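Here the structure is laid out as structure tokens; the discussion comes afterwards.
No lab work stands behind these numbers, since they all come straight from the coordinates. Nothing here was measured: the structure is a model prediction, and the numbers come from that model. Every residue, glycine among them, receives a Cβ derived from its backbone with ideal geometry; neighbour counts consider all protein chains shown.
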Amino acid sequence: MQAQEELKELRDAILEADDERALAATGRLLEAGVDPRTILDSGMSQAMFELGERWNRGEVFLPEVVAAADVFKRCNELVEPALLAGGRRQPSHRVVMATVKGDVHDLGKNIVGAMLRTAGFEVHDLGKDVPADRLVEAVRELEPSLVGLSALLTTTMLQQKAAIQALEAAGLRQAVRVLVGGAPVTGQWAAEIGADGYAPNAPEAVKLALRLVEGAAPGPGGGAP
């Protein structure tokens, strides 16, 4: 029961962006011998899923999401070494992520990246304002299973298409599955530009990524169910 109470404390602290409380709860859980995967899944990730739901309902705003995501990241810095030390983290698929050229918004991408890591993916984040040629270089070097392209502005959505075309021109497109996301992005747009998947939020992006690497077809428009 104590562990469940501590996990709730961790979730509440992340949702309230209270880094001191969240780090303390994480430390106590680790010291008590709670499985790091349980801390990630039942504590940290569950808090971020709830935050995503609140965001979709308009109950939280950008500053709150940014702050909570930062707390999540700091907690993950404590938990990930414990997970690796226990031999439980075995990344089976590599992901390259980027916010496309001309766009400097990266909150959603960062949350998706953090959640993908908790799901066992090896994530390489190229950052924001990433030109297509840099993406091509990273794909050639890292040979990922997935590429995630974020665009938060209608004016930069075309850069998602340009990135996919650049991968095609380099002969790399068939080797990777491409996921696209961002506020103005839709399943119809994903299908139009030849992407393999689209998800409206971070939790759905993780579900879709898992389906894609497991060989399941993404469905019309690439949307997650």
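Largest GNM mean-square fluctuation among I111, I39, I193, using the chain with Cα springs under 10 Å: I193.
Angle of helix 46-56 to the longest C-alpha principal axis of the chain, folded into 0 to 90 degrees and rounded to 10: 50°. In plain terms, the residue of R177, R134 with the fewest other Cβ atoms within 10 Å comes first and the most crowded comes last, giving R134, R177.
Neighbour counting of Cβ atoms within 10 Å sorts the residues F61, F72, fewest neighbours leading, into F61, F72. Model label points for E80 and Q4, set 7 angstrom from Cα along the Cα-to-Cβ axis, are 3.1 nm apart. Charging the Cβ of each Asp and Glu at -1 and of each Lys and Arg at +1, and nothing else, the dipole of segment 2-85 about its Cα centre rounds to 160 debye. Compared with the dominant Cα axis of the chain, that is its longest principal axis, helix 202-213 is turned about 60°.
Using a/c under 1.5 as the rounded threshold, could you call segment 94-222 rounded, prolate or oblate? The axes a ≥ b ≥ c are square roots of the C-alpha gyration tensor eigenvalues, and prolate needs a/b larger than b/c, oblate otherwise. Judged from the Cα gyration tensor, segment 94-222 comes out rounded (a/c under 1.5). Structure remark: mean-square fluctuation, Gaussian network model of the chain, C-alpha springs under 10 Å; the largest value among P203, P63, P144 belongs to P63. Ignoring lysines fewer than eight residues from K128 along the same chain, the ones with Cα atoms less than 30 angstrom from its Cα are K73, K101, K109, K161, K207. Taking Cα atoms only, the orientation of helix 157-169 departs from the longest principal axis of the chain by about 70 degrees.
Please give the FRET efficiency for L210 paired with E20, using the beta carbon to beta carbon distance and R0 = 45 Å, rounded to the nearest 0.05. Once the sixth-power term is evaluated, E becomes 0.85. The order of S145, S45, S150, going from fewest to most other C-beta atoms within 10 Å of their C-beta, is S145, S45, S150. Adding -39500 (n - 2.57) for every DSSP H run of four residues or longer, then dividing by how many residues the chain holds, sets the calculated 222 nm ellipticity at -16500 deg cm²/dmol.
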